[in-house]
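The values are calculated or read from the model by the stated rules, or taken from the named source; none is laboratory data. This is a predicted model, so every value here is computed, not measured. Here the Cβ positions follow ideal geometry from the backbone for every residue, glycine too, while neighbour counts run over all protein chains shown. Just so you know, the surface numbers come from the protein's heavy atoms only, side chains and all, with ligands and any DNA or RNA stripped out. Shrake-Rupley method; radii C 1.70, N 1.55, O 1.52, S 1.80 Å.
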Amino acid sequence: MGIQGMELCAVAVVILLFIAVLKQFGILEPISAEDGGDAELELSAVRHQPEGLERLLARTRFTKKELQSLYRGFKSECPSGLVDEETFKLIYSQFFPQGDASTYAHFLFDAFDADRNGALCFQDFVIGLSILLRGTVHQKLKWAFNLYDINKDGYITKEEMLEIMKSIYDMMGRCIHPALRDSAPAEHVELFFQKMDRNGDGVVTFEEFLETCQKDEDIMSSMQIFENVI
């Protein structure tokens, strides 16, 4: 698989698996015609109360009915209003029984945990989902960059990208045929940096990442795939 394939894999895995997790939680339940247009988010049943409906309408690209439907699914599966990392990892492991998804799930959980409190709440889910499904290309690429930037210092290093690549291969496990060489993750990281590190300083900034991705037709096409999932 070439560098374009690995970039598309990394982005697609983020979106597809996040959607799979939400479906596992029952969060992407169909929107019913019975949803009242004037009803507000119900807050009394959960210990961790989400932001008000109007604030979430302003912060996401979902309609009132979509937010109400998403919230009902979340409340049903997560009565406490919070999802911890171990639960998140357990769900991912069900999708990749032949591999080890724990490290990749950790990175993904960390990307969604915007306030860094060790738990995902409804706001985290719905704001992340809005970006991945209905955000601008810039927003989606910024989110993906944040995933790769493990220590959140504004740069992607080779060490960080290697950890991400290894976690993807570990997650896929025996699903990859033919089996890849042990050196494959490092080789893909080198290709990634040859393409992304435009000034050759050994790190990739968001500006470099954005400029390179925007010039790649395959990556741009992949950004539009999931816009109509819900």
Revision key, fill the gap. In terms of the alpha carbon gyration tensor, root eigenvalues a ≥ b ≥ c, rounded if a/c is under 1.5 and otherwise prolate when a/b exceeds b/c or oblate, the stretch 56-153 is oblate
Exercise for review: Using label points projected 7 Å from each Cα along Cα→Cβ, tell me how many nm separate E85 and K65, to one decimal.
Suggested key: 4.0
Review point. Given 0.36 nm per residue, what is the gain on full extension from R198 to E211 after removing their alpha carbon distance, in nm?
Key: 3.7 nm
Revision key, fill the gap. Mean separation of Cα contacts under 8 Å (at least 6 apart) over the residue count of the stretch 59-154, i.e. the relative contact order in percent, is 31
Check your understanding: For the stretch 84-130, what is the Kirkwood estimate of the hydrodynamic radius, computed as the reciprocal of the mean inverse distance between distinct Cα atoms, to one decimal in Å?
Key -> 11.0
Exercise for review: Keeping the other protein chains in place, figure out the carbon and sulfur percent of the accessible area of the stretch 113-176, with a 1.4 Å probe.
Suggested key: 55
Review point. Any idea how far apart F95 and S221 come out in nm if each label point goes 7 Å out from Cα toward Cβ?
Key: 2.3
Exercise for review: Pop the C-beta distance of R55 and T103 into the FRET formula with R0 = 35 Å and round what comes out to the nearest 0.05.
Suggested key: 0.55
